[in-house]
Amino acid sequence: MPATRLTTKRVEKPWGRRDLWPAFDAVPEGGEPVGEIWFEVPGASDGSAEGPELLIKYLFTSDKLSVQVHPDDARAQASGYPRGKDEAWVILDAEPHATIALGTLQPMTQDELRASALDGSIERLLDWKAVKKDDSFYTPAGTIHAIGPGLTLVEVQQNVDLTYRLYDYGSARELHLDDGVAASDPVPYVAPYKAHAIAEGRSVLADGPKFVLERWTLTGTATLASDGRPLWLIPLSGGGRIGDAALEAGGVWLATDETALTLDPDSDMLVAYPGEGVIGALWRA
């Protein structure tokens, strides 16, 4: 099979929304707000060592998410998990004054980080960056971060459900200070990669170390041909076909074999694949 459409899972969150991205149905009246939509491989053991390497999510925020951090591969595996968690975000929509916190304003010691998490001062010690539609960020494991309200974004991450909360604005939810402080690199955020175009209609937003993320505004029919790495296709708008199946916004497809790909005019799509190094002939006309 050239490509599989992934199944969706709606995850209710107190910071989520009822009106979602246009590609998704709104939450029915009386339903709990949805914060995340996950795209999972049918029948696969997601989040395990045998499962797919990447996980794709949409996030919809109406309030701040907790201040949190994810461990790297070595630290996660020492705790019995298959991998750590690097992640990347692509902003699809942002209300005025929307922000994301990435890193700390100044380098901090682990003792200082713990104390700031306990007394709540960590919130003002983070670097809250104004964000807008089409911004993208790659956040390596160890980056302290928080996502603010008023955002719709796509998240591409290593496939593991492992988050350490450092601070949650006084809520009753569990914190993970010992593990979180140990996993944190409390320094100012420096983008590890600068997005750039590599061909007309094809831009690279991040190139490793854990995955590559591209954005395509291509049109026409070509062969989708990787170097053996699986490919996650995330149409944001427009449409097309992959093999004999229709592509449409709101879905995610996993391609593991060479296949025909047709993209309609005005299509906008993210393409993600594990590892480092851009596949040059991925779109072969």
- From (1) among the hydroxyl-bearing types (Ser, Thr, Tyr); (2) within 28 Å of residue 21 (Cα to Cα); (3) in contact with a Leu (Cβ under 6 Å, 6 or more places away or on another chain), pick out the condition that doesn't hold for residue 259. (2)
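From 223, 139, grab the single residue that is surrounded by fewer than 22 Cβ atoms within 10 Å (Cβ to Cβ) and touching a strand residue (DSSP E or B) at 6+ places or on another chain (Cβ under 9 Å).
Testing whether each residue is surrounded by fewer than 22 Cβ atoms within 10 Å (Cβ to Cβ) and touching a strand residue (DSSP E or B) at 6+ places or on another chain (Cβ under 9 Å) leaves just 223.
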- Item | Members of region 82-128 found to be charged (D, E, K, R), closer than 27 Å to residue 17 by Cβ and touching a residue at least 40 places away in the same chain (Cβ under 8 Å), listed by number | 85, 86, 87, 93, 95, 123, 127
- Item | Residue check, residue 210 more than 26 Å from residue 17 (Cβ to Cβ), of a type in the set (Lys, Arg) and in contact (Cβ under 8 Å) with a residue 12 or more places away in the chain | yes
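If only one of 93, 127 is among the acidic types (Asp, Glu), in the same structural domain as residue 17 (by TED's automatic domain parsing), in a strand (DSSP E or B) and out of contact with any Ser or Thr (no Cβ under 6 Å at 6 or more places or on another chain), which one is it?
The conditions single out 127.
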- Item | Qualifying positions in region 236-255 - out of contact with any Gly (no Cβ under 6 Å at 6 or more places or on another chain) and of a type outside the set (Gly, Ala, Ser) | 236, 241, 242, 244, 252, 253, 254
- Select from region 142-162 the residues that are β-branched (Val, Ile, Thr) and in contact with a helix residue (DSSP H, G or I) (Cβ under 9 Å, 6 or more places away or on another chain) and write down the one among them that is surrounded by the fewest Cβ atoms within 10 Å (Cβ to Cβ). 160
- Note on the structure: (1) modelled with pLDDT of 95 or more; (2) surrounded by fewer than 17 Cβ atoms within 10 Å (Cβ to Cβ); (3) more than 25 Å from residue 95 (Cα to Cα) all hold for residue 208 apart from (1)
- Residues of region 261-285 satisfying the condition of being part of a strand (DSSP E or B) and exposed (fewer than 14 other Cβ atoms within 10 Å of the Cβ): 284
- Quick one: residue 269 ticks every box in (1) closer than 20 Å to residue 53 by Cβ; (2) out of contact with any strand residue (DSSP E or B) (no Cβ under 7 Å at 6 or more places or on another chain) bar one, so which box is it? (2)
- Query: Name the pairs: first residue in region 173-197 and over 14 Å from residue 139 (Cβ atoms), second residue acidic (Asp, Glu), Cβ to Cβ under 7 Å, at least 6 apart or on different chains?
  - Reply: 175/168
- Task: Return yes or no: is residue 82 in a loop (DSSP other than H, G, I, E, B), within 17 Å of the chain's Cα centre (by Cα) and buried (at least 17 other Cβ atoms within 10 Å of the Cβ)?
- Result: no
- Residues that are hydroxyl-bearing (Ser, Thr, Tyr) and in a strand (DSSP E or B), drawn from region 130-170: 136, 138, 139, 152, 164, 167
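The values are calculated or read from the model by the stated rules, or taken from the named source; none is laboratory data. Everything quoted here is computed from the prediction, not taken from an experiment. As a convention, Cβ positions derive from the backbone with ideal geometry for all residues, glycine included, and neighbour counts pool all protein chains shown.
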